[in-house]
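The values are calculated or read from the model by the stated rules, or taken from the named source; none is laboratory data. All values derive from a computational prediction rather than experimental measurement. Please note: Cβ atoms are built from the backbone with ideal geometry, for glycine as well, and neighbour counts cover all protein chains shown. These accessible areas exclude ligands, DNA and RNA; they are computed on the full protein's heavy atoms, side chains included. Shrake-Rupley method; radii C 1.70, N 1.55, O 1.52, S 1.80 Å.
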Amino acid sequence: MFSLKQNCWFIKKVVIWRAMASIAWSVLLLPVTTAIFVLLSRFSLFHPIQWISECTSLLTASTTIFTLVVLCGVVLMIGFFNLEFYTLVPSIRCSRMALLGTVLHPRQCVHSLVYCTMGMLVMWCASVTIGGRYSTLGTPCRQSESGEFVTCLNEYHLFLLLAGAFMGYSHSFLGVVKNMYYVSFQPIQQYKYPRFKGCLPAVVKCSVIQSLYSARNFAALYFFFGYVPKTWIASTLNLQIDSSLQPLDSLTGLLDFSLLYHLTISGTFLYLTWYLTVLLFRIYVIEAYSFPVQSTFTEDAEQCLPKVLAEKNTSVMKFLALQDLALLSQHSHSRRLEVFSLSQPGGHPHNWNAISKECLSLLSELTQRLVAHQDAVASNGRVKSQSASSDTRSASSSSSVMSGTEDISGTPRLSVPLRTPGSVFKSSVGGAHSALTSPFTPDVDSPFSSPAIRRLVGQQEPQSPWFGTVQSPHVMRRGPKLWSASTESQTNGSPLVSLATVPSPPAANQKPSFLTQWMQNRREQVKSFLAKRVLIVYLFNKLPEASSQALFADSQAHIWALQGLSHLVAASFSEDQFGVVQTTLPSILSCLVVLLEAVDRHFKLPHASSKPARTICSMGDSTYKTLRFALRAALKTAIYKITTTFGEHLNAVNISSEHRKRLQQFLEFKE
């Protein structure tokens, strides 16, 4: 277990320094993007020499330098939010109501308010840079009655400021809806500069498209409701409204090509500045980090790869360690030898034992999660019999892998007690309210949860025929029986036994009070009433692929565990001089086969094998939607890697007959 001081060491040395480097590069790119914005905002096709001279003088003006300072502050704030809100496991909402609750969360409201403020600051800088009629909020105008000069509200400047606030809120809103703070690891490792150069055209394209969408939406919003903020700001700042000018909240006022052009390029400048900061942060955070396999000094032992893999609190630390494990297993011969080495003195394979144990623990956890989800879906309101089914065999096999044993007899032996689907949800897989199990855990407090779902998670009602240990409704109808001696057998002295009816449990005979029954009836009426409302059903219905995506939300870690295990096992065929891998080879093979069976059964569920639809250009990372397909491919690749390396030698491995038959299909290339 890592101490808080050791976790702080890694965060300070790796994560914070990488975030600061990404922010520094974002600040260094500000003059470049500002210069491009100045050229586009002052563009003049028929006067090119005057255009270039004006842009040159504007770039060296004091106002431009001041706007750069303001933009640097905005970039620093964006970088802080990236560091604060980034996640390696996406947050998947399984219903529209859950998404609405996230958007309306107080923390998200504060986040949106800050982004609205930063959007207004960027648009203020853009309007000052453009100059002309956009430069200030107040402008002198002549009153038609007296002819005196007064200060009037500059609606063009106000229009850009409100557009900046709208774009800031859109960015914050899309960050929740499209998981913009989700940082995914690339399957192919690249250096920072080639990846930035490859992603730059896509970022520019996304900035332009998002700016066009935001300009269209804001123009429509301002057309209907623009009069409200205009009059409120004018009355608050004691400014007059120039009636001689065409108002912008009209159709003729909005059909101004110059206004729409400057709005679009200003929005593109805003989104490009923010998107570049997000892109650089992603590139720097997921950069590969090399952990030492073993250390010479005791104080550095907690920074070694086997210790870091066991980390539970810092997810980025564990993800980088698993990535390093996958890379060393494929490309580093010297570090693989350190994994296979024995401790001195003692001669124990501590490195291999720690690494293999953590990888098997991750894979077994995923297997239990899949089995629990399949039990919840397959039961569909009926409590399954606790007989030796295929799912329970898989769960027991996974548990036996964790304990390092495997039953090879004909009848499967359960190393852990059988679990109902509800108890599986509450096990160590993540808890009943964890981020991974909550999307597909039945919500017993929902107004649409049936008594069958409450039975599924272990909340039976005393008056329900399912209360107690009854496993079938037919048993309740005929009454439970026990073997006992009959009168005839006692008379004849024969040891024959017969069935005698046993009284029902006392809890089933107790009648609820009038108040309890009345409350239950009212609750059922409310649920039936809400279930008929279309809007309520639309908000609370589960999204088709959300449960499957939530199951595999953190599967990138499992993919690296599969790659690391399979390549290390394959390399041990020629590099393992002490045979340390051979002791855990049966457990590894059994764990992979059990996981493959669970994945195959999951893909037979509805919507599990459907491909996600392609989304339009967006900075939100949607690779988590296909992680289940990547995991299945990585799992089969891992098994093929081991079977093609060992070949017929696998027949000597002590595994069950069922697993041997499945591995034979890989040996014959039939999978």
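Evaluate the following for residue 652: is it modelled with pLDDT of 85 or more and touching a Ser or Thr at 6+ places or on another chain (Cβ under 8 Å)? Against the criterion (modelled with pLDDT of 85 or more and touching a Ser or Thr at 6+ places or on another chain (Cβ under 8 Å)), residue 652 does not qualify. There is no residue in segment 567-590 that is over 22 Å from residue 348 (Cα atoms), touching a residue at least 12 places away in the same chain (Cβ under 8 Å) and open to solvent by 10 Å² or more (accessible area, probe 1.4 Å).
Give the residue, chosen from 118, 123, 97, that is assigned to a helix (DSSP H, G or I), in contact (Cβ under 8 Å) with a residue 12 or more places away in the chain and surrounded by fewer than 20 Cβ atoms within 10 Å (Cβ to Cβ). Even if it seems obvious, please write down each step before you answer.
Values: 118 fails: surrounded by fewer than 20 Cβ atoms within 10 Å (Cβ to Cβ); 123 fails: surrounded by fewer than 20 Cβ atoms within 10 Å (Cβ to Cβ).
The match here is 97.
Here's a check for you: in segment 284-322, which residue that is within 18 Å of the chain's Cα centre (by Cα) and modelled with pLDDT of 85 or more is nearest to residue 638 (Cα to Cα)?
Of segment 284-322, the ones within 18 Å of the chain's Cα centre (by Cα) are 285-286, 312-320, 322.
Now narrow it down to the ones that are modelled with pLDDT of 85 or more: 285-286, 316-320, 322.
Working: 285: 27, 286: 24, 316: 24, 317: 24, 318: 21, 319: 19, 320: 20, 322: 15 Å.
If we take residues in segment 284-322 being within 18 Å of the chain's Cα centre (by Cα) and modelled with pLDDT of 85 or more, then 322 is nearest to residue 638 (Cα to Cα).
In segment 643-654 there is at least one residue matching the filter, namely being surrounded by 13 or more Cβ atoms within 10 Å (Cβ to Cβ) and in a loop (DSSP other than H, G, I, E, B). Report, by residue number, each residue of segment 159-182 that is over 23 Å from residue 125 (Cβ atoms) and either open to solvent by 20 Å² or more (accessible area, probe 1.4 Å) or without any contact (Cβ under 8 Å) to a residue 24 or more places away in the chain (or both). Within segment 159-182, 177, 178, 181 qualify.
Scanning segment 329-359 for residues that are of a type in the set (A, V, I, L, M, F, W, C) and surrounded by 23 or more Cβ atoms within 10 Å (Cβ to Cβ) yields 339, 352, 355, 359.
Of the residues making up segment 213-252, just one is among the basic types (Lys, Arg) and either in contact (Cβ under 8 Å) with a residue 12 or more places away in the chain or over 30 Å from residue 617 (Cα atoms) (or both), namely 230.
When each of 549, 525, 556 is tested for being at pLDDT below 90 and either surrounded by 15 or more Cβ atoms within 10 Å (Cβ to Cβ) or in contact with a strand residue (DSSP E or B) (Cβ under 8 Å, 6 or more places away or on another chain) (or both), the lone residue that passes is 549. Among the candidates 511, 611, the residue that is open to solvent by 10 Å² or more (accessible area, probe 1.4 Å), under 26 Å from residue 94 (Cβ atoms) and either part of a loop (DSSP other than H, G, I, E, B) or β-branched (Val, Ile, Thr) (or both) is uniquely 611.
Of 166, 185, 218, 149, which residue is at pLDDT below 95 and either closer than 30 Å to residue 55 by Cα or out of contact with any strand residue (DSSP E or B) (no Cβ under 6 Å at 6 or more places or on another chain) (or both)? Show your work before the answer.
On the way: 166 fails: at pLDDT below 95; 218 fails: at pLDDT below 95; 149 fails: either closer than 30 Å to residue 55 by Cα or out of contact with any strand residue (DSSP E or B) (no Cβ under 6 Å at 6 or more places or on another chain) (or both).
Exactly one residue qualifies, and that residue is 185.
How many residues, within segment 514-550, are among the aliphatic types (A, V, I, L, M) and part of a loop (DSSP other than H, G, I, E, B)? It would help to see each step written out before you state the result.
Of segment 514-550, the ones among the aliphatic types (A, V, I, L, M) are 515, 519, 526, 530-531, 534-537, 539, 543, 546, 550.
Retained after the next criterion (residues that are part of a loop (DSSP other than H, G, I, E, B)): 543.
Residues that pass the stated criteria total 1.
Of all residues in segment 528-540, exactly one satisfies the criterion of being among the hydroxyl-bearing types (Ser, Thr, Tyr) and open to solvent by 80 Å² or more (accessible area, probe 1.4 Å), namely 538. For residue 70, the conditions (1) open to solvent by less than 70 Å² (accessible area, probe 1.4 Å); (2) free of Cβ contacts under 8 Å to residues at least 24 places away in the same chain; (3) among the β-branched types (Val, Ile, Thr) are fulfilled apart from (2). Number of residues in segment 323-371 that are assigned to a helix (DSSP H, G or I), more than 26 Å from residue 554 (Cα to Cα) and free of Cβ contacts under 8 Å to residues at least 60 places away in the same chain equals 4.
Among the residues here, residue 156 does not qualify as open to solvent by 20 Å² or more (accessible area, probe 1.4 Å), of a type outside the set (Asp, Glu), modelled with pLDDT of 95 or more and on the phi < 0 side of the Ramachandran plot.
In the set (1) farther than 14 Å from residue 159 by Cα; (2) touching a residue at least 24 places away in the same chain (Cβ under 8 Å); (3) not in a helix (DSSP H, G or I), residue 188 fails one condition alone, (2).
Here the condition is being under 25 Å from residue 178 (Cα atoms) and modelled with pLDDT under 95; of 540, 578, 646, it holds for 540 alone.
Candidates are the residues of segment 73-94 that are assigned to a helix (DSSP H, G or I) and touching a residue at least 60 places away in the same chain (Cβ under 8 Å); the one that is surrounded by the fewest Cβ atoms within 10 Å (Cβ to Cβ) is 85. Can you name the residue in segment 24-51 that is among the small types (Gly, Ala, Ser) and over 15 Å from residue 265 (Cβ atoms) and is also farthest from the chain's Cα centre (by Cα) among such residues? Residue satisfying both the conditions and the ranking: 24.
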